[in-house]
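Here the structure comes first, spelled out in structure tokens, and everything after it is commentary.
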Amino acid sequence: MNQRSPACLDVDDFCTVNRRTLLRSFGAAALLTATGGLFRGGVWASPVFAADPFSLGVAAGDPAPDGFVIWTKIAPRPLDRGGGMPRKAVEVDWAVATDERMRQVVQKGTATAHPELGHAVHVEVDGLEPGHDYYYRFTIGGERSRTGRARTLPPAAAPVAQLRFGVAGCQRYEDGYFTAYRQLAAEHFDFVFHYGDYIYEYRVVRPGERPAPVIRVMPGEPDEIYTLDDYRHRYAIYKVDPDLQAAHASTPFVMSYDDHEVDNNWAGDISAENTPPELFLLRRAAAFQAWYEHMPVRRALMPRGPDILAYRRVAIGDLVRLNVLDTRLFRSDQPCGDGIKPDCREALDPNRTMLGDRQERWLYDGFKNAQARWTVLGQQVIVMRKDRDPDPQVFAPSMDKWDGAVAARDRLFAAVEEAKLANLVVLTGDIHNNWAGELKKDFDDPRSATLGVEFVATSISSGGDGFDTDDSFKALLAQDPHIKFFNNQRGYVRHTVTPDRWQADFQVLDRVSVGDGRVSTRKSLVVEHGTSGLADA
Ligand code: FE
Ligand code: CA
């Protein structure tokens, strides 16, 4: 505490401060003050704030038929170390209601925000009705958060007439505004699947330091981030964005992560900088803790040191079974030194994996008793073959994708065939463009069986304004006839699913370099039940 009431000389002293008195006695200076109030032992018992303690917003996540997680993180000065909070636990009240005005409260309680977790609060609400909208908010010391909307899933295995959800990710701060999130907030989706790259760990980039325009400059230390406080600060920069907050307040998110929550193109205990693995694991632990602190996820996803179990299943009635995959933590290191490589024999090594043995077994066992109409993989890196060299004589894929672990893809496809999955849909992100394609049993033979489809969602902002397509992308696509659609603009994908039909609408923004970009539907593609092929809507 930089400033405090004269009656409150130390945070461990017993003292009470009326917030109005505090504001009166310090005037404008008090606006910078976060704290006052009564401290008992390790608990800040009657907090008073001179700035909004809910500056990082609210969020809901991991919906189930009977509830969801509600999240917030107490931070009156979000960009300061510790978020402007004293190193004390503090109690936060929460309530869930059936109406937006919070009159019909159906659940309420008190959660403790601990300094060990950066004063994050994750409440697992249960006992709610399936398939309903709910509203939630938090209060602390007389301060009230905004009201968020969440929605429970339909009853397990029950018929579902229609599901509407969004897919988003890759939101590099410097590259543009999060306007796509403002548009997404207006959709009132059942949920959003976030495939990762919620933050980027890179050093601060200023205008002129790279060829691409820098739309927003991040505050703070200029270096790449490594420590828990570094990652917390980076999340705070992102989390105060009003469009991102609007999206979270509009619908529950099913969160995953990709590389940039930790380090570019990390794989297991291998970093892109070739840091000794035992040191990289320290960084991974800090990154995972900060991720957990800022995400509306269940306690089951709390990391233990450098480890986390983030893969999980979400059943949406009898309609969709969403398998959220982790393609970073258990994978083999990228072959042939990563990058785009022709003739990489190492990529064909049968021992290579993207999911690790245990996650593979969990996934394929789940296929065997798939009760849902549509089997969905929500994951990070592109599954379908994708040549990155426009020369027709050269096949050079990216070693970071499933093309860098061909045997792992073959095992996945064999498990899909063995389980006779009729409707496989893969949801992907990572490459900052929109793509749609068919998953071929043999990508060299366009007449071979189509096992499913893949929809790759573009970025929220990463890559900047972009463009629809150009000659070099057209040349690439000509080499991969299973790829049916490409677009290089920013946005999100809206999926509308019924028992008979899956429709993907690629929502793109004309610009993200300005705050008022306009959204439009660039393309709508459908899959009819049982066909596994893509068609124009
Ligand atoms: Fe990204
Ligand atoms: Ca080529």
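The values are calculated or read from the model by the stated rules, or taken from the named source; none is laboratory data. Keep in mind the model is a prediction, meaning the values are calculated, not measured. Here the Cβ is made from the backbone with ideal geometry for all residues, glycine too, and neighbour counts use every protein chain on show. SASA here: full protein model, heavy atoms, side chains in, ligands and nucleic acids out. Shrake-Rupley method; radii C 1.70, N 1.55, O 1.52, S 1.80 Å.
Does region 206-228 contain at least one residue that is buried (at least 23 other Cβ atoms within 10 Å of the Cβ) and assigned to a loop (DSSP other than H, G, I, E, B)?
yes
Any residue at all in region 334-353 that's in a loop (DSSP other than H, G, I, E, B), among the aliphatic types (A, V, I, L, M) and more than 16 Å from ligand 1 (Cβ to nearest atom)?
Checked against the condition, which is being in a loop (DSSP other than H, G, I, E, B), among the aliphatic types (A, V, I, L, M) and more than 16 Å from ligand 1 (Cβ to nearest atom), region 334-353 yields no hits at all.
A quick yes/no check of all residues on (1) hydrophobic (A, V, I, L, M, F, W, C); (2) touching a Leu at 6+ places or on another chain (Cβ under 8 Å); (3) more than 16 Å from Gly533 (Cβ to Cβ):
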| site | (1), (2), (3) |
| --- | --- |
| Pro397 | no, no, yes |
| Lys401 | no, no, yes |
| Ala405 | yes, no, yes |
| Lys420 | no, no, yes |
| Asp445 | no, no, no |
| Thr450 | no, yes, no |
| Glu454 | no, yes, no |
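With Ala246, Ala150, Ala180 as the choices, which residue is crowded, with 22+ Cβ neighbours inside 10 Å and under 20 Å from Trp71 (Cα atoms)? So that I can check it myself, show each step before the final result.
Details: Ala246 fails: crowded, with 22+ Cβ neighbours inside 10 Å; Ala180 fails: under 20 Å from Trp71 (Cα atoms).
That would be Ala150, the only listed residue that is crowded, with 22+ Cβ neighbours inside 10 Å and under 20 Å from Trp71 (Cα atoms).
Report, by residue number, each residue of region 199-226 that is at pLDDT 95 or above and in contact with a Leu (Cβ under 9 Å, 6 or more places away or on another chain).
Result: Pro219, Tyr226.
Of everything in region 455-472 that's open to solvent by 20 Å² or more (accessible area, probe 1.4 Å) and away from ligand 2 (no atom under 13 Å from the Cβ), which residue is nearest to the chain's Cα centre (by Cα)?
Here the answer is Gly463.
In the set Gly452, Gly429, which member is in contact (Cβ under 8 Å) with a residue 40 or more places away in the chain, more than 16 Å from ligand 1 (Cβ to nearest atom) and crowded, with 20+ Cβ neighbours inside 10 Å?
Gly452
Determine if region 260-282 includes at least one residue that is buried (at least 20 other Cβ atoms within 10 Å of the Cβ), in contact with a strand residue (DSSP E or B) (Cβ under 7 Å, 6 or more places away or on another chain) and of a type in the set (Val, Ile, Thr).
Looking through region 260-282, none of the residues is buried (at least 20 other Cβ atoms within 10 Å of the Cβ), in contact with a strand residue (DSSP E or B) (Cβ under 7 Å, 6 or more places away or on another chain) and of a type in the set (Val, Ile, Thr).
Out of curiosity, is Asp365 open to solvent by 10 Å² or more (accessible area, probe 1.4 Å), part of a helix (DSSP H, G or I), closer than 20 Å to Ala436 by Cα and among the charged types (D, E, K, R)?
When the stated conditions are applied, Asp365 does not pass them.
Is at least one residue of region 509-530 modelled with pLDDT under 95 and not hydroxyl-bearing (Ser, Thr, Tyr)?
Yes: one or more hits.
Take Ile215 and decide whether it is touching a residue at least 24 places away in the same chain (Cβ under 8 Å) and in contact with a Gly (Cβ under 8 Å, 6 or more places away or on another chain).
On the way: touching a residue at least 24 places away in the same chain (Cβ under 8 Å): yes; in contact with a Gly (Cβ under 8 Å, 6 or more places away or on another chain): yes.
Yes; evaluated as a whole, the condition is true for this residue.
How about region 388-426: which of its residues are in a loop (DSSP other than H, G, I, E, B), open to solvent by less than 10 Å² (accessible area, probe 1.4 Å) and either in contact (Cβ under 8 Å) with a residue 60 or more places away in the chain or within 16 Å of ligand 1 (Cβ to nearest atom) (or both)?
Met399, Asp400, Ala405, Asn423
Do any residues in region 457-478 that are closer than 22 Å to Leu184 by Cβ have Cβ atoms under 7 Å from those of residues that are among the aliphatic types (A, V, I, L, M) and open to solvent by 40 Å² or more (accessible area, probe 1.4 Å), where the two are at least six apart or on different chains, and which pairs are they?
As it stands, the answer is Gly464/Ala212, since those pairs meet every condition given.
So Leu377 fits all but one of (1) crowded, with 20+ Cβ neighbours inside 10 Å; (2) without any contact (Cβ under 8 Å) to a residue 60 or more places away in the chain; (3) more than 22 Å from Tyr195 (Cα to Cα); what number is the exception?
So the condition that Leu377 fails would be (3).
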